[in-house]
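Engineer: My structure is below; once you've seen it, I'll send some questions.
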Amino acid sequence: MKRETIALFGAGLMGAPIVERLLDAGYKVVVWNRSPEKLEPLVEKGALRAESPAQAVRSAEVLITWLTDQRAIQEVLFPAERASLLAGKTILQMATIGPSHSRGLEDAAIAHGAEYLEAPVLGSIPEAKSGKLLLMVGATEPQFARFTPLLSVFGENIVHVGEVGKGAAMKLAFNQLIAGLTASFSLSLGLIQKEGVRVEQFMDMLRDSALYAPTFDKKLVRMLERDYSNPNFPTRHLLKDTELFLDAADEHGLTASALEGVRDVVSIALAKGLGDADYSAINDVISPVKE
Ligand code: NAP
């Protein structure tokens, strides 16, 4: 079945599998990416290459953004010289950005005669490929109803959190847990290893306790082998999201000093050149190898 045309901005780790899902579901997909070489494999699979953001905007009514952050979205979609192109379009923002940034983008979209909704996701490349992402939608009721068929290409669990900003807030709340749980697990594992306690014994007791989280087992082997290659979610994104949460915490008067400590650890990991590694690489900062 041939469906409508979708324009997608950002063929990165998450954007690329999303393009494939859309193609498989019968959508015509026009893709723009700042680094054009990332488009090659997608064009081979049937996507249409846009040579510029303007060409992509002109090609479709629905514009999906999978760009790193709010600044990139501003630069790509809202430069003054092509303000008029957005009139009548709908921007579906799916990256992880702050709630206030998302509300600001909605205001900008409306000022340009466009519609805006957000659908950040929980899950990573494997879930993006298999259509098992969990979607947190910030939109009006009519928008939610209208866009559910499109969003169902990406995941079955599509939750309408409320208006724009609330989906972004839910997503940041989850990613704060990624940062905190990973740092906390690495610290406990570090003591276990340095004291010579058997890791399997520690894990067995942990799995039986109320303190266990499945993410611990997902990251255990990487931490034990110190293998942070082929990341689904790189350390640089964890720093971005931690800083976004800290901004939101500051805005709302939340005491986030524990997270500030985690942010410092993640920053050191980036300074050590681990920005493109899997985020569990913060283990090398928390529990360094003895020189
Ligand atoms: P990624 O692989 O780094 O892709 C980022 C994309 O943004 C690339 O297409 C990049 O273009 C583009 N970009 C960045 N700055 C730009 C700018 N100033 N102008 C134009 N394009 C720019 O990241 P990703 O993992 O796909 O993540 C994208 C978003 O999804 C992030 O907000 C991330 O936090 C969120 N997210 C990621 C995951 C995950 O597991 N990876 C899961 C959920 C949510 P180039 O190719 O030219 O660099």
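The values are calculated or read from the model by the stated rules, or taken from the named source; none is laboratory data. Computed from a prediction, not measured in an experiment: that's the story for all the values here. Note: ideal-geometry Cβ built from the backbone for every residue, glycine included; neighbour counts use all protein chains shown. Accessible surface is based on the protein model in full, side chains and every heavy atom, while ligands, DNA and RNA are left aside. Shrake-Rupley method; radii C 1.70, N 1.55, O 1.52, S 1.80 Å.
Engineer: Pairs of Cα atoms under 8 Å, at least six residues apart: use those to get the relative contact order of the range 169-286, whole percent.
Structural biologist: 38 percent
Engineer: For the chain, with all protein chains present and a 1.4 Å probe, just round the carbon and sulfur fraction of the accessible area to a whole percent.
Structural biologist: The computed percentage sits at 54.
Engineer: Still on this model: Quick one: Kirkwood hydrodynamic radius for the range 85-170, alpha-carbon pairs, angstrom, one decimal?
Structural biologist: 12.8 Å
Engineer: Suppose we look only past 23 Å in the calculated P(r) of the range 169-286. What percent of the Cα-Cα pairs does that tail hold?
Structural biologist: 30 percent
Engineer: As a check on your grasp of the helix formula, calculate [θ] at 222 nm for the chain: sum -39500 (n - 2.57) over DSSP H runs of n ≥ 4, divide by the residue count, round to the nearest 500.
Structural biologist: Result for the chain: -15500 deg cm²/dmol, rounded to the nearest 500.
Engineer: Can you give me the P(r) profile for the range 6-163? Cα pairs, bins 10 angstrom wide beginning at 0, each as a whole percent.
Structural biologist: The distribution over the range 6-163 is 11, 45, 38, 6, given as percents.
Engineer: Cut-off 10 angstrom, C-alpha nodes, Gaussian network model of the chain. Which of Asp208, Asp69, Asp264 fluctuates the most?
Structural biologist: It is Asp208.
Engineer: Next up: Please compute P(r) over all alpha-carbon pairs of the range 104-258, binned at 5 Å starting from zero, and give each bin as a whole-number percent.
Structural biologist: Bin by bin from 0 Å, the calculated values are 2, 8, 13, 16, 16, 16, 12, 7, 5, 3, 1, 1, 0.
Engineer: Moving on. Between the helical axis of 199-208 and the dominant principal axis of the chain, each derived from Cα atoms, what acute angle in degrees is found, rounded to the nearest 10?
Structural biologist: For 199-208 against the chain, the angle is about 60 degrees.
Engineer: Highest mean first, what order results for 6-14, 178-186 on Cβ atoms within 10 Å?
Structural biologist: 6-14, 178-186
Engineer: Follow-up question, since we're still on this one. Can you tell which of Met205, Met223, Met136 shows the greatest fluctuation in a Gaussian network model of the chain with Cα springs below 10 Å?
Structural biologist: Met205
Engineer: How big is the antiparallel share of DSSP beta bridges in the chain, given as a percent to the nearest 5?
Structural biologist: Once the DSSP bridges in the chain are tallied, antiparallel ones form about 15 percent.
Engineer: The range 53-100: D in µm²/s via Stokes-Einstein (Kirkwood Rh, Cα pairs, 10 °C, 1.306 mPa s)?
Structural biologist: The Stokes-Einstein estimate is 142 µm²/s.
Engineer: By how many degrees, between 0 and 90 and to the nearest 10, does the Cα long axis of helix 257-271 differ from the longest principal axis of the chain?
Structural biologist: 80 degrees
Engineer: Determine the order of Ser229, Ser102 by accessible area, beginning with the largest, at a probe radius of 1.4 Å.
Structural biologist: So the residues, ranked largest to smallest area, are Ser229, Ser102.
Engineer: Now for a separate question. Compute the Rg/Rh shape ratio of the chain: radius of gyration over Kirkwood radius, all on alpha-carbon atoms.
Structural biologist: Rounded to two decimals, Rg over Rh is 1.00.
Engineer: Find how much the distance from Ile125 to Leu220 grows on full extension, using 0.36 nm per residue of separation minus their present alpha carbon separation; answer in nm with one decimal.
Structural biologist: 32.3 nm
Engineer: Still on this model: Contour minus end-to-end for Asp107 and Arg71, with contour as 0.36 nm per residue of separation and end-to-end as the Cα-Cα distance?
Structural biologist: Gain on extension, Asp107 to Arg71, equals 11.5 nm.
Engineer: What angle, in degrees between 0 and 90 and rounded to the nearest 10, separates the Cα long axis of helix 99-111 from the longest principal axis of the Cα atoms of the chain?
Structural biologist: Taking Cα atoms only, the helix is inclined about 10 degrees.
Engineer: Continuing with this model, one more query. Quick one: if you stick a label point 7 Å off each Cα along the C-beta vector at Thr5 and Arg207, how many nm between them?
Structural biologist: If labels sit at Thr5 and Arg207, their model points lie 5.2 nm apart.
Engineer: While we're looking at this one, here's another question. What number comes out for accessible area per residue over the range 6-163 if the probe is 1.4 Å? Units Å², please.
Structural biologist: Averaged over the residues of the range 6-163, the accessible area is 42 Å².
Engineer: Subtract the Cα-Cα distance of Lys290 and Gln193 from 0.36 nm times their separation in residues, and report this length gain in nm to one decimal.
Structural biologist: 33.7 nm
Engineer: Of the candidates Ala281, Ala56, Ala80, which one comes out as most mobile in a Gaussian network treatment of the chain with C-alpha springs shorter than 10 Å?
Structural biologist: For the chain, modelled as a Gaussian network with Cα springs under 10 Å, the answer is Ala80.
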